[in-house]
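The values are calculated or read from the model by the stated rules, or taken from the named source; none is laboratory data. A quick note: this is a predicted structure, and the numbers were derived from the prediction, not measured. Note that we place each Cβ from the backbone using ideal geometry, even for glycine, and neighbour counts take in every protein chain shown. Side chains are part of the model used for accessible areas, which takes the heavy atoms of the whole protein and leaves out ligands, DNA and RNA. Shrake-Rupley method; radii C 1.70, N 1.55, O 1.52, S 1.80 Å.
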Amino acid sequence: MDLPLYLKAIVLGILEGATEFLPISSTGHLIIANDLLSFTGERAKTFDIFIQLGAICAIVWHYRKRIYRVIGSLFSDPAALRFTINVLIGFLPAAVLGLLLHKTIKAQLFNPITVAGALIVGGLAILAIESRRRAHRVEDIDDLTWHVALKVGFAQSLALFPGVSRAGATIMGGLLSGMSRSAATEFSFFLAIPTMFAATSYDLYKNLNIMRPEDIQILAIGFIAAFFSAWLVVRALLAFVSRHSFKAFAWYRILFGSLALIYFLSTSGLTVSL
């Protein structure tokens with residue numbers, strides 16, 4: 001598909017923002033979209049990482065009042081301190097494993113076929129988790145304990161594999177740990193802030209030398225598109241999870257992943273048995 005570069009930036013920015021906080025893998029969708037749009041290479045991978053900043057800034061904006069309140073009362077309010085510590089605890093597993101495995105993951109796993117497989121497996125996992133009956137021990141993120149935060153943090157580290165979905169891993173990890181859907185979803189949002197800022201900053205630092213001055217405009221376009229699409233999706237998702245399960249996202253993952261797997265296996269010259 002031959003589109004002007006700025007149009008590709010808009011499409012990919014909207015796609016990033018629309019999928020980042022849904023349990024369907026934004027990275028997986030971007031890898032597949034990049035291939036279809038012929039937008040590949042190391043600079044394209046860095047673009048994909050950078051526009052995540054737009055999506056995470058949408059979260060910061062949406063929760064700005066709570067974030068300001070937590071920062072302002074961090075050393076005077078035990079609840080604010082506990083909330084901050086829980087976010088940091090949840091952040092640590094993915095941060096450590098990400099530093100250790102970053103090069104290997106980016107070099108070996110960022111391809112459409114592995115992503116399509118991860119989408120399917122992740123969809124099946126969501127169906128299995130949603131089918132379990134469980135009691136909600138944590139109805140609100142203010143009731144979160146450090147050991148539940150750590151469990152969710154380890155679940156988030158599964159999303160280092162492209163196609164798993166950071167949002168999907170953290171939300172499902174939260175559900176398995178006894179959190180309500182709304183609490184697991186909100187904690188996933190807050191956990192994304194340090195995780196994505198750290199991952200993006202690290203990746204940009206490592207790849208700054210391959211970027212060119214003319215890339216600034218394309219990065220800015222993708223950033224803005226990701227910000228606004230993420231802001232709209234976050235508001236809609238919070239309303240959705242209060243009334244529905246995540247099974248619809250699971251079936252979407254399975255269908256989309258299956259179609260992508262068939263397409264990319266066929267175009268790679270391999271045979272597919274149905």
**Item:** Alpha carbon centroid spacing (whole Å) that separates region 1-35 from region 221-243
**Value:** 14
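For region 167-274, with every protein chain kept in place, what is the accessible area per residue (1.4 Å probe, Å²)? Show your work: numbers first, answer last.
Working: 5320 Å² over 108 residues.
The answer is 49 Å² per residue.
Students sometimes get this wrong: rank Tyr252, Tyr63, Tyr205 by accessible area, probe 1.4 Å, all chains present, largest first. Write out the running numbers ahead of the final one.
Values: Tyr252 90, Tyr63 20, Tyr205 175 Å².
Sorted by accessible area, descending: Tyr205, Tyr252, Tyr63.
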**Asked** How big is region 1-110 on each of its three principal axes, counting only the C-alpha atoms and giving the largest first in Å?
**Response** 56, 31, 22
**Prompt:** Which of Ala236, Ala58, Ala44 moves the most in a Gaussian network model of the chain with Cα springs under 10 Å?
**Reply:** Ala236
**Fill in**
Summing -39500 (n - 2.57) over every DSSP H run of at least 4 residues in the chain and dividing by its residue count gives a helix-only mean residue ellipticity at 222 nm, to the nearest 500 deg cm²/dmol, of -25000 deg cm²/dmol
**Request:** Just the number, please: carbon plus sulfur as a percent of the accessible area of the chain, 1.4 Å probe, no ligands or DNA/RNA counted.
**Result:** 68
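Please give me the summed charge of the neighbours of Ile218: other residues whose Cβ is under 13 Å from its Cβ, Lys and Arg +1, Asp and Glu -1. Walk me through the numbers on the way to the answer.
Details: positive: Lys8, Arg43, Arg212; negative: Asp48, Glu214, Asp215.
Around Ile218, the charge tally is 0.
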**Fill in**
Computed over the chain, the convex hull of the Cα set has an average projected area, in nm², of 15.0
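About the Cα centre of region 121-274, what is the dipole size in debye to 20, counting +1 per Lys and Arg Cβ and -1 per Asp and Glu Cβ, all else neutral?
Values: 13 positive and 9 negative charges, 100 e Å.
Rounded to the nearest 20 debye, it is 480 debye.
Quick one: length gained pulling Leu7 to Val96 fully straight, 0.36 nm per residue minus the C-alpha distance?
The Leu7-Val96 span can extend by a further 28.5 nm.
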**Fill in**
Taking Cα pairs closer than 8 Å and at least 6 residues apart, the relative contact order of the chain in percent is 37
**Request:** Report relative contact order for region 11-52 in percent, whole number only (criteria: Cα-Cα under 8 Å, sequence separation at least 6).
**Result:** 41
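What is the packing order of peptides 45-56, 121-132, taking the mean over residues of other C-beta atoms within 10 Å and listing the highest first?
Values: 45-56: 23.8, 121-132: 17.3.
Top to bottom by mean Cβ count within 10 Å: 45-56, 121-132.
Compute, for the chain, the length of the dipole vector about the Cα centre, with Cβ point charges of +1 (Lys, Arg) and -1 (Asp, Glu) only. Units Debye, rounded to 20.
520
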**Prompt:** Which of the lysines could a cross-linker span from Lys45 if the Cα-Cα distance has to be under 22 Å and same-chain partners fewer than 8 positions apart are dropped?
**Reply:** Lys8, Lys103, Lys106, Lys206
**Prompt:** Rounded, prolate or oblate: which fits region 133-274 when a ≥ b ≥ c are the square roots of the eigenvalues of the alpha-carbon gyration tensor, with rounded for a/c under 1.5 and prolate only if a/b beats b/c?
**Reply:** oblate
**Complete:** Averaging 1/r across every pair of distinct alpha carbons in region 36-187 and inverting yields a Kirkwood hydrodynamic radius, in angstrom, of 17.1
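Taking only complete DSSP H runs, can you tell me which helices of the chain stretch 24 Å or more along their own long axis by Cα positions and average at least -0.5 on the Kyte-Doolittle scale? Mind showing how you got there, number by number?
Numbers: long enough: 78-108 (43 Å, 1.14); 112-130 (27 Å, 2.00); 181-207 (37 Å, 0.24); 215-241 (38 Å, 2.01); 247-267 (30 Å, 1.11).
Qualifying helices: 78-108, 112-130, 181-207, 215-241, 247-267.
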**Message:** Let me check I've understood the local charge: for Ile254, count other residues with C-beta under 15 angstrom from its C-beta, Lys and Arg +1, Asp and Glu -1. What total comes out?
**Reply:** +1
